[in-house]
1. State yes or no: is A:Ser192 in contact with a helix residue (DSSP H, G or I) (Cβ under 7 Å, 6 or more places away or on another chain) and farther than 28 Å from A:Val31 by Cβ?
2. Name the single residue, out of those in region C:112-133 being of a type in the set (Val, Ile, Thr) and either in a helix (DSSP H, G or I) or more than 20 Å from C:Gly168 (Cβ to Cβ) (or both), that is farthest from the other protein chains (Cβ to nearest Cβ).
3. Any idea which of C:Lys165, C:Lys136 is exposed (fewer than 14 other Cβ atoms within 10 Å of the Cβ), in a helix (DSSP H, G or I) and more than 14 Å from chain B (Cβ to nearest Cβ)?
4. Among the residues of region B:50-65, what is the count of those that are open to solvent by 10 Å² or more (accessible area, probe 1.4 Å) and either facing chain C (nearest Cβ under 7 Å) or out of contact with any Pro (no Cβ under 8 Å at 6 or more places or on another chain) (or both)?
5. Looking at (1) crowded, with 20+ Cβ neighbours inside 10 Å; (2) more than 14 Å from chain C (Cβ to nearest Cβ), can you tell me which one A:Gly194 breaks?
6. Among the residues of region B:66-92, write down those that are in contact (Cβ under 8 Å) with a residue 40 or more places away in the chain and open to solvent by 20 Å² or more (accessible area, probe 1.4 Å).
7. For region A:25-35, what are the residues that are surrounded by 24 or more Cβ atoms within 10 Å (Cβ to Cβ) and in contact with a Phe, Trp or Tyr (Cβ under 8 Å, 6 or more places away or on another chain)?
8. Just the residues that are open to solvent by 10 Å² or more (accessible area, probe 1.4 Å) and of a type in the set (A, V, I, L, M, F, W, C), please, taken from region B:36-48.
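The values are calculated or read from the model by the stated rules, or taken from the named source; none is laboratory data. Here the structure is a predicted model, which means the values were calculated and not measured. Cβ sites come from the backbone with ideal geometry, for glycine too, and all protein chains shown count toward neighbours. The accessibility values were calculated without ligands, DNA or RNA, using every heavy atom of the protein model including side chains. Shrake-Rupley method; radii C 1.70, N 1.55, O 1.52, S 1.80 Å.
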Amino acid sequence: MNSSEILNKIPQTLKNLKEKNPLTQCITNYVTVNDVANGLLAIGASPLMSEDPQEQKDIVNINDSLVINIGTLTKSQIEGMYASLDEADNLYKPVIFDPVGAGASELRTNTSVEIINNYSISVIRGNMSEIKILAKEYNIDIENEETVKGVDVAPEDIISKENIKVNGRIVKELAEKINVVVMASGHIDIISDGKNVYTIKNGDPLMSRITGSGCMLTGIIGGFIGSNDDILLATITGALSIGIAGELSAEYIKNNALGSGSFRTRLIDELYKLNSETLLKRAKLENLEI
Amino acid sequence: MNSSEILNKIPQTLKNLKEKNPLTQCITNYVTVNDVANGLLAIGASPLMSEDPQEQKDIVNINDSLVINIGTLTKSQIEGMYASLDEADNLYKPVIFDPVGAGASELRTNTSVEIINNYSISVIRGNMSEIKILAKEYNIDIENEETVKGVDVAPEDIISKENIKVNGRIVKELAEKINVVVMASGHIDIISDGKNVYTIKNGDPLMSRITGSGCMLTGIIGGFIGSNDDILLATITGALSIGIAGELSAEYIKNNALGSGSFRTRLIDELYKLNSETLLKRAKLENLEI
Amino acid sequence: MNSSEILNKIPQTLKNLKEKNPLTQCITNYVTVNDVANGLLAIGASPLMSEDPQEQKDIVNINDSLVINIGTLTKSQIEGMYASLDEADNLYKPVIFDPVGAGASELRTNTSVEIINNYSISVIRGNMSEIKILAKEYNIDIENEETVKGVDVAPEDIISKENIKVNGRIVKELAEKINVVVMASGHIDIISDGKNVYTIKNGDPLMSRITGSGCMLTGIIGGFIGSNDDILLATITGALSIGIAGELSAEYIKNNALGSGSFRTRLIDELYKLNSETLLKRAKLENLEI
């Protein structure tokens, strides 16, 4: 699909979410869990968090999609993640995986690889540093050594006009190799299903001055894949939603000389108010030729 | 008591909380724990969260009330809940129990029944789906099969003019059978001590578009029972407090074309500013004849 | 250094933080973890939270400083704290310790003493009740019996003009005895490196009406000691930063008849907007003669 065909389908994709109010099960980190829940509620999904491994597995039976985020991964959390992923495989439930901090520790890198190797994932969403770490594990040429700064993107991995082609190729090859939709988010987002590559130039640097904007993005895409069959379209719509909400929130904050606290509150407001017209009017979605 | 007698006592009930600044111990879920703490601080209580089972038990000695919320229940959390409930029994401390997601998993349903059977609870606060699950466990006729949608009320359980009598009877019978004050919260709240039944028609649908409004309600009632001897009166005052704060916040949000992020912030503001005059002026408390 | 010499160095201290964007590793409580992360991001640091003990230790290798906060301490959390503190010792990384609720339980008091006895701490930040509990453990004369109210300062321990000399002596003697910078925060803050004693009279009582202002203070000092060699100067700059942000936020809230929810949001905004000019203009830093 070219980007204008995708844009034509955005209104229905958003409508599907709002009508279905998908039960989006999140196994996520305790730093931003409240933001993820409020982001999902704002856009029209129904978040559900649980912590007991047996219960997590059982809830897969009633969920519409599963969000796995390793932002504060512990060994005891892994058990429930694997059990839930196994059940999601059995029941063909869509899954989005956020490899927060892959590369920052062996635990996170190894768990990420285990999850991707052993379970059916629909979408992987990370920053470019995390995506490169995973790409390297799958023998994709990343052209320079990966670097990691905790859970934030390394400065040299920030997606820019200069490196967009290289990074686009990496995202595409990873998507192709493991047969998922891959999204590297940043100042420019790159999304690929292994066949086509797309960029999104919405969003605002203020998003990196609050915790949770990445986790909310992953959660919201979780809501879209829980209410739409087309995983690529769902991923792009989710990415546009939070990118545009971020843009609108940043404009408000700058016009009113506010700061990152108000930005966070306003971001949820804009997700709550978002509609198809705003999405279509503001979307900066393009095909990227590799 | 009829509803006007209760309203006469509201100012003193609120005053007692503000003067005592009750130490409200919360064993609660990690999704909304920050909201619960800020809600309690806003209204004038002193929240205390702890995680170690031995410590949780010890803190019962200095608390004014205990809040038990199973929103992200794990097996390891149960130990501290039981130890604290046991100590609260020994020391005659008031306890409010929030059976979040009862019916959504065996773990939650079974733990809820264990808690109610084995310990002295002062108040149970849930949505109507959760209350019906518990009522069924105690052989109360719920007239239709219970349904569960994760941690949110099932659409057919939303309290309305059409089902208010049936739901009122269920709440009353459960309160009578297990000898506690029971509150089913929703668009209309139902509260009963097993003798009388009351409805509250404050609040706003926006409350279900943020996470934590139910947990905050439970927490705040915890503050009121920690500073007032009359449990029914404390429960009703807590319910009115957050209902009216929700209403005021929703009015502000609608007048200013804001969204659910600002609603959450403003809800805490309104709890902070709440006084007896506003409570009495806005309270929509009525007796319900079954 | 006298207070005016310190003030002269404040601009460079803040600049160092903003230029370095220090990786501030936080092992903290789950109630306020989101506020700590957003406070650090607002001022210009890079927070990193992790939960796995092995990973926590590994991350010390890449961090710029370590924040230890026992606000919801569990026995399983202690393992990772000790491992990380051990590694921080080996690698000479600066550490700030927040003994939340020391005195409220044996677990917290004993763990606090273990941490101070066995590891190199750069800064201890607590309320006056917590500081007195620790002082007593080190045989410092605290003149009256310590009292504890959960995690909040006991009313008789609130720092005031009447008790400032006694409390100043306690802070100084503790700092001298265990060779760290000690900060007791409150309406008046007291800070000492064991040689000199300083008071800060910024801040606002509204800070005690939200959860997390103490934890944010500790976290932000963590950011400053991760980007500055002079620990005393870093501690004072951190304390002034949140005190002045709190003051500015409180002014806004009072001028606009808002409440504690907006105060919390605005506090992050003011941290985000804070610059050297505002710090110097508003700082109420004084030497205290004991």
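1. So A:Ser192 passes the test.
2. Initial filter on region C:112-133 (of a type in the set (Val, Ile, Thr)): C:113, C:115-116, C:121, C:123-124, C:131, C:133.
Then keep just the ones that are either in a helix (DSSP H, G or I) or more than 20 Å from C:Gly168 (Cβ to Cβ) (or both); that gives C:113, C:115-116, C:121, C:131, C:133.
Details: C:Val113: 16, C:Ile115: 16, C:Ile116: 19, C:Ile121: 22, C:Ile131: 19, C:Ile133: 15 Å.
The qualifying residue farthest from the other protein chains (Cβ to nearest Cβ) is C:Ile121.
3. C:Lys165
4. Of the residues in that region, 7 qualify.
5. Unmet for A:Gly194, out of (1) crowded, with 20+ Cβ neighbours inside 10 Å; (2) more than 14 Å from chain C (Cβ to nearest Cβ): (1).
6. Residue satisfying the conditions is B:Gln77 alone.
7. Matches in region A:25-35: A:Val33 only.
8. Selection gives B:Leu41 alone.
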